[in-house]
Amino acid sequence: MSGNPESAQLRRGTLASVALLVVFLAAWEWGPGCLGIPPYIVPPMSAVAKEAVRMWNVSGLAMHTGVTAAEVLIGFLLGSLLGAFFGYILGMSPTAEVALSPYILALQIAPKVAFAPLFVLWMGFTIYPKILVAILIVFFPVLINVLTAVRNVDPDLINLARAFKASRAQIFWKIEFPASLPPLFAGLRIGSTLAVVGVVVGELVGGNLGLGYLLAFGEGQANTPMVFVAILMLTLVGGVAYLLVILAERRVLHYMPKNALSGF
Amino acid sequence: MTDTIRLEYRNVTMRFAQGAGHLTAVENVSLSVRDGEVVALIGPSGCGKSTLLNIGSGLAAPSAGDAFVDGERVEGPNAHVAFMLQKDLLLPWRTVIENVMFGVEIQRVPSAERRQRAQALLDNLKLSDFAGHYPHQLSGGMRQRVALARTLAVDPTVLLLDEPFSAVDAQTRMVLQRELAQTLKSAGKTALLITHDLLEAVTLSDRVLVMSPRPGRIVDEIAVDMPGRDDPLARRRHPRTGEYVNRLMQRLGIGHDGEPVPA
Ligand SMILES: Nc1ncnc2c1ncn2[C@@H]1O[C@H](COP(=O)(O)OP(=O)(O)O)[C@@H](O)[C@H]1O
Ligand SMILES: [Mg+2]
């Protein structure tokens, strides 16, 4: 089979990637032992795998993962919706932007995860404070991207629509909204990974559910393999969220030249 | 061509606020374009040509004076005028045919008629094979042809063209110029063609207006007395063309020593 140079490149890259994974796993399994690092610092891969099985059977790993995934999903969706909504409002109304920008800037600078203890105080050991932190942290990159996109629409394009006697609503739906989609998706990609951060911090702070809780519990027990398992599962949750965004992006932005949509 | 005036500027002055004072972009410009006539407008950059286009299309109101299209005073954007710029302004998320339908869609022309009009224009401009393509898949010349189709799709009586081909390469430009000339002639459209290409002005128009540096005023008017307004390539070879271009150069103060310029 002789593909074009591009697919050959892709095949070589994938191969190298798989090889790297094998090397990494091997180093993880035998590296610590060879270097004399004790298992309670860096447990070998097999110990982590065994712990994962034990946690799945005994500690409700699936349930905790499900809780975290649900919080991430809800927080991400609500945060993106709110961020996009305010992004469009501010993008279309310079007055609103001037009025609100100092507060937005302040909130953007404030470390969002620092709100987690406050939210737990307000809402107790429920899933809501976690979702709220996720909403807050997802909100800004989405808002900023949408706002900038609406602002940066070529004024000549708007004039073209105006010359055809477009209404404000038509200008939004036919120009500003579609023009904002590529930056919106860039914001959603960032948001999908940040949502996991927000949820974990919330779970670390309080409650007895979710991967963040397992993380804290494992730490308390000095159960390093458990901590590793929790981190891996969190990465998995974030990875799936990211993947879903990319799949949606590919569908929605199908008109874009291929090289403008990066694989990651 | 009839004697009906389709586009008219009457004592139009445009000032823009600048710092503490203001900048006069165009001053007391009066001009009129008859039905079916193509008038070229040339002048140094910054003399207010695009400003006049904005006033004609109703996107900007003049500081003094009035513009009229089809006898009606221009109060804002109206369906009688459509413009085309150097930038094609195609929407990247729309296919070629969807881009052509952009204006008629905004004007809420029924969708069957929209499609029919767009298809007819694509056929005329030899774009039908690309109806389903996206703009990024087209060359600059083709994109500009799509922009022309979009402008014609709303069936305006007056076209305002602002350096429409200045961003495409010389050979493509000649092809596009011929297509534009033929389309304008066969559809009997009235047009104001802003250009900095003197040869384009002479070969595509019935009349050339020359503007002074800012504040822009009309300082000369040359009737192009040659056959073939729908065939700019033939006009290029016409002996008079060189004379006209020469005169325009002199009027614009290019090549003061007056050496002859080959056509
Ligand atoms: N909206 C505006 N605000 C301020 N100045 C403007 C505006 N539009 C044009 N001008 C100024 O008016 C002058 C004429 O501009 P323009 O009509 O674009 O010239 P041309 O198209 O002949 O090159 C320029 O000096 C330009 O800077
Ligand atoms: Mg201009």
So which lysines pass the test for A:LYS130, namely a Cα distance under 23 Å, with those fewer than 8 places away in the same chain ruled out?
-> A:LYS112
Counting only residues 5 or more apart in sequence or on a different chain, those whose built amide H sits under 5 Å from that of B:ALA191 are B:GLU37, B:VAL38, B:VAL39, B:LEU159
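Based only on Cα atoms, what mean projected area does the convex hull of the protein assembly as shown have, in nm²? Before the final figure, lay out the partial values.
Numbers: hull surface 142.0 nm².
Taking the Cα atoms of the protein assembly as shown, their convex hull projects to 35.5 nm² on average.
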Residue-normalised 222 nm signal for the protein assembly as shown, counting each DSSP H run of n ≥ 4 as -39,500 (n - 2.57), nearest 500 deg cm²/dmol, is -18000 deg cm²/dmol
A:LEU82-A:LEU118 pseudo-label distance in nm [points 7 Å out on the Cα-to-Cβ vector] = 1.2 nm
To the nearest Å, what is the center-to-center distance of segment B:74-110 and segment A:145-189, using C-alpha atoms only?
-> 15 Å
Using a Gaussian network model of chain B with C-alpha springs under 10 Å, which one of B:PHE16, B:PHE130, B:PHE83 is most mobile by mean-square fluctuation?
-> B:PHE16
Scalar couplings 3J(HN,Hα) for segment B:148-156 by Karplus 6.51 cos²θ - 1.76 cosθ + 1.60 (θ = phi - 60°), nearest whole Hz, x for Gly and Pro, are 5, 4, 4, 5, 6, 4, 7, 6, x
Could you give log10 I(q)/I(0) at q = 0.15 Å⁻¹ for chain A, computed by the Debye formula over C-alpha point scatterers of equal weight, without solvent?
-> -1.13
Report relative contact order for segment B:118-263 in percent, whole number only (criteria: Cα-Cα under 8 Å, sequence separation at least 6).
-> 18 percent
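Convex hull volume of the Cα atoms in segment B:16-95, per residue, in Å³?
158 Å³
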Roughly how many debye, to the nearest 20, is the charge dipole of the protein assembly as shown about its Cα centre, given +1 on each Lys and Arg Cβ, -1 on each Asp and Glu Cβ, and no other charges?
-> 560 debye
Protection proxy (average C-beta count within 10 Å per residue), highest first, orders A:187-200, B:226-239, A:220-233, A:124-137 as A:187-200, A:124-137, A:220-233, B:226-239
Work out from phi, with θ = phi - 60° and the Karplus expression 6.51 cos²θ - 1.76 cosθ + 1.60, the ³J(HN,Hα) of each residue of segment B:157-168, listed in order in whole Hz, and give x for Gly and Pro.
-> 7, 10, 10, 10, 10, 10, 6, x, 10, 6, 9, 9
Of B:LEU161, B:ALA149, B:LEU59, farthest towards positive along the dipole that unit charges on Lys, Arg, Asp, Glu beta carbons give chain B | B:ALA149
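Given +1 on the Cβ of Lys and Arg, -1 on the Cβ of Asp and Glu, and no further charges, what dipole in debye does segment A:42-261 carry about its Cα centre, rounded to the nearest 20?
Details: 13 positive and 9 negative charges, 102 e Å.
Once rounded to the nearest 20, the dipole reads 480 debye.
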Cα-based convex hull volume of segment A:54-135 per residue, rounded to whole Å³ = 102 Å³
Most fluctuating of A:VAL138, A:VAL150, A:VAL18 in the GNM of chain A (C-alpha, under 10 Å) is A:VAL18
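Evaluated at 10 °C with a viscosity of 1.306 mPa s, what Stokes-Einstein diffusion coefficient in µm²/s does segment B:101-155 have when Rh comes from the Kirkwood expression over alpha-carbon pairs?
Working: Rh = 11.3 Å.
Roughly 141 µm²/s, to the nearest whole number.
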Between the residues A:ASN223, A:ILE171, A:LEU147, the Cα farthest towards the positive end of the dipole of chain A, that dipole coming from +1 and -1 charges on the beta-carbon of Lys, Arg, Asp and Glu, is from A:ILE171
Can you list the HN-Hα couplings for segment A:66-75, worked out from phi with the Karplus curve (6.51, -1.76, 1.60; θ = phi - 60°), rounded to whole Hz and with x for Gly and Pro?
-> x, 4, 4, 4, 5, 4, 4, 4, 5, x
How large, in Å, is chain B by the Kirkwood hydrodynamic radius built from its alpha-carbon pairs?
-> 19.0 Å
Given +1 on the Cβ of Lys and Arg, -1 on the Cβ of Asp and Glu, and no further charges, what dipole in debye does segment B:89-155 carry about its Cα centre, rounded to the nearest 20?
-> 100 debye
Given Cβ charges of +1 for Lys and Arg and -1 for Asp and Glu, the option among A:PRO39, A:ALA96, A:ALA69 whose Cα lies farthest towards the positive end of the dipole of chain A is A:ALA96
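Compute for segment B:12-145: radius of gyration divided by Kirkwood radius, i.e. Rg/Rh, restricted to C-alpha atoms, rounded to two decimals. Walk me through the intermediate numbers first.
Working: Rg = 18.0 Å, Rh = 17.4 Å.
Rounded to two decimals, Rg over Rh is 1.04.
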Name the residue, out of B:GLY56, B:GLY132, B:GLY141, whose mean-square fluctuation peaks in a Gaussian network model built on chain B with Cα pairs under 10 Å.
-> B:GLY132
Roughly what would the spin-label model give for B:SER45 and A:ARG12, points 7 Å off Cα along C-beta, in nm?
-> 4.4 nm
Cα to Cα, under 19 Å, and not fewer than 8 places away if on the same chain: which lysines meet these conditions relative to B:LYS87?
-> A:LYS174, B:LYS49
Rough spin-label spacing in nm, given labels placed 7 Å along Cα→Cβ, for A:ASN208 and B:HIS22 | 7.6 nm
Where the centroid of each part is defined by its Cα atoms, how far is segment B:114-167 from segment B:31-57 in Å?
-> 22 Å
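Only the coordinates and a few stated rules stand behind these numbers; no lab work does. It should be emphasised that the depicted structure is a prediction, and the values quoted were computed from it without experimental measurement. In this analysis, Cβ positions are derived from the backbone assuming ideal geometry, glycine residues included, and neighbour counts consider all displayed protein chains.
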